[in-house]
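Colleague: Please see the structure below; I have some questions.
Nothing in this text is a laboratory measurement; each read-out follows from the coordinates by a stated rule. Bear in mind that the values here come from a model prediction, so they are computed numbers and not experimental data. Backbone-built Cβ (ideal geometry, glycine too); neighbour counts: all protein chains shown.
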Amino acid sequence: MTKSNVISFKVSEETKKMMMDELDYCMRPTTPQYAVFQAKDGDTVITLYESGKVVFQGKDADLASDFWIETEKMHNKNLDVKNSKNETKDKLDKAIYIDPKIYYSSSIGSDEVGTGDYFGPIVVTASYVSKENIPFVEELGVKDSKKLTDDKILEIVPKLIKVIPYSSIVLSNKEYNTRYKDGNNMNALKAILHNKMLFDMKNKIKNYDYIVVDQFAKPFVYYNYLKKSTNVVRDITFMTKGEDKCLAVAAASIISRYLFLKEFDRISKEIGFNLPKGASNEVDKVAKQVVDKYGFDKLNDIAKLNFKNTEKIKEL
Ligand code: MG
């Protein structure tokens with residue numbers, strides 16, 4: 001059994017208004033005490049209190065709250081999100097169901113990396129694994145993409161991409177920072193880039209059975225981010241933990257990681273620092289050294305400025 005998840009944070013007046021509009025269709029007729037409204041969106045119960053606190057409850061609370069967290073972050077950069085989830089318990093509870101119909105099909109899949117790293121680009125890849133290539137891809141070890149070390153990825157991806165068609169995009173930090181400032185949050189950017197790569201692959205590959213996206217937002221939220229995009233790919237099967245359920249997603253994930261590692265290495269060499277991955281205190285320390293050497297503006301070229309790290313570095 002999966003533990004119910006509770007996520008809560010405070011919203012601004014702007015987000016409050018937006019929530020009332022967007023969730024109007026699933027609002028419950030009665031509300032608990034001190035609540036402005038209560039809505040039931042799929043399996044998630046959303047309650048907004050007069051204090052401005054909003055609470056998401058249910059096993060999909062993560063996904064349901066994602067869009068609103070990103071929205072609120074545009075008004076409040078230092079948003080404090082409380083999450084009741086007990087990670088270890090949750091992992092034990094969640095058995096992954098692999099649908100053989102999808103796993104053994106000819107599929108296009110997409111995945112991204114770099115979204116949790118302060119330094120380095122975001123890379124999104126869509127790849128195509130035909131039925132005939134499944135044994136080859138499994139043999140390389142792509143099946144266990146999450147268990148692969150960076151060294152192993154550097155070894156097998158060159159072999160993989162000789163056989164597997166793919167499309168990748170490496171979004172530089174500079175471009176990321178510009179687009180973020182223009183009002184595209186992380187998930188909006190992801191959606192735009194996934195769609196671009198999927199459209200690319202769809203043009204190259206005509207005989208696929210499924211298009212699988214490693215799900216990072218609910219489908220309606222994903223498509224909402226693409227409102228201004230042209231060539232929107234619509235025949236998508238969204239799957240959480242997609243890299244376990246579809247080899248094309250697993251392949252896309254490690255190709256993305258490969259390109260990320262290459263670019264990360266290039267940036268590190270260029271500036272003469274051994275940049276750490278992730279977004280830890282270690283990252284802040286090295287970033288401070290970079291700032292001391294090159295000035296603060298250098299971060300615009302090598303880091304994702306909207307991360308909390310930026311503020312912390314200023315204080316160092
Ligand atoms: Mg993913």
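Colleague: Can you give me the relative contact order of the chain as a percent, contacts being Cα pairs under 8 Å and 6 or more apart?
Modeller: Reported as a whole number, the value is 22 percent.
Colleague: Still on this structure: Considering only DSSP beta bridges whose two residues both sit in the chain, what percent are antiparallel, to the nearest 5?
Modeller: For the chain, the DSSP antiparallel bridge percentage is about 80.
Colleague: Something else: Between Asp265 and Ser4, what is the label-point separation in nm under the 7 Å Cα-to-beta-carbon projection?
Modeller: Result for the modelled spin labels: 4.9 nm.
Colleague: For the range 237-316, state which trypsin sites (Lys or Arg not before Pro) are in a DSSP loop and have at most 16 other beta carbons lying within 10 Å of their beta carbon. Mind showing how you got there, number by number?
Modeller: Values: sites: Lys241, Lys245, Arg257, Lys262, Arg266, Lys269, Lys277, Lys285, Lys288, Lys293, Lys298, Lys304, Lys308, Lys312, Lys314; in loops: Lys241, Lys277, Lys304, Lys308.
Here the sparse-neighbourhood loop sites are Lys241, Lys308.
Colleague: Sort 181-188, 24-31 by packing, meaning the average of other beta carbons within 10 Å per residue, with the highest value first.
Modeller: Details: 181-188: 15.2, 24-31: 11.1.
In decreasing order of mean packing, 181-188, 24-31 become 181-188, 24-31.
Colleague: Please report how far the C-alpha centroid of the range 294-314 lies from that of the range 237-284, rounded to the nearest whole angstrom.
Modeller: Comparing the Cα centres of the range 294-314 and the range 237-284, I get a distance of 19 Å.
Colleague: Is any helix in the chain, taking whole DSSP H runs, at least 15 angstrom long along its axis by alpha carbon and on average at least -0.5 on the Kyte-Doolittle scale, and which ones?
Modeller: Within the chain the helices that satisfy the rule are 61-73, 150-163, 186-204, 247-271.
Colleague: Using 1/(1 + (r/R0)^6) with R0 = 30 angstrom and r between the beta carbons of Thr115 and Gln33, what's the FRET efficiency to the nearest 0.05?
Modeller: Taking R0 as 30 Å, the efficiency between Thr115 and Gln33 is 0.20.
Colleague: Could you check the spin-label model distance between Asp150 and Glu282? Points 7 Å from the Cα along Cα→Cβ, value in nm.
Modeller: 0.9
Colleague: Report the paramagnetic label zone for Lys40: residues of the range 1-32 whose backbone N is under 16 Å from a point 7 Å from Cα along the Cα-to-Cβ axis.
Modeller: Only 24-32 pass the distance filter.
Colleague: Then there's this: If you place +1 on the Cβ of every Lys and Arg, -1 on the Cβ of every Asp and Glu, and leave all else neutral, what size is the dipole of the chain about its Cα centre, to the nearest 20 Debye?
Modeller: In total the dipole reaches around 160 debye.
Colleague: Go through the range 198-240 and name the trypsin sites (Lys or Arg not before Pro) that are in a DSSP coil and have 16 or fewer other Cβ atoms within 10 Å of their Cβ. Walk me through the numbers on the way to the answer.
Modeller: Details: sites: Lys202, Lys204, Lys206, Lys227, Lys228, Arg234; in loops: Lys206, Lys227, Lys228, Arg234.
Here the trypsin sites (Lys or Arg not before Pro) that fit, given the DSSP loop and packing criteria, are Lys206, Lys227, Lys228, Arg234.
Colleague: Now, a different point. Roughly how many debye, to the nearest 20, is the charge dipole of the range 133-174 about its Cα centre, given +1 on each Lys and Arg Cβ, -1 on each Asp and Glu Cβ, and no other charges?
Modeller: 160
Colleague: Here's a follow-up. Taking the simple approach of a point 7 Å from Cα along Cα-to-Cβ for both Asp301 and Asn224, what is their distance in nm?
Modeller: With each label point 7 Å from Cα toward Cβ, the separation is 3.8 nm.
Colleague: Considering lysine pairs in the range 166-265 that are 8 or more places apart or on different chains, how many have Cα atoms under 16 Å apart?
Modeller: 10
Colleague: Give me the number: length gained by fully extending Leu316 to Glu13, i.e. 0.36 nm times residue separation minus the C-alpha to C-alpha distance, one decimal in nm.
Modeller: Length difference between fully extended and current span is 105.8 nm.
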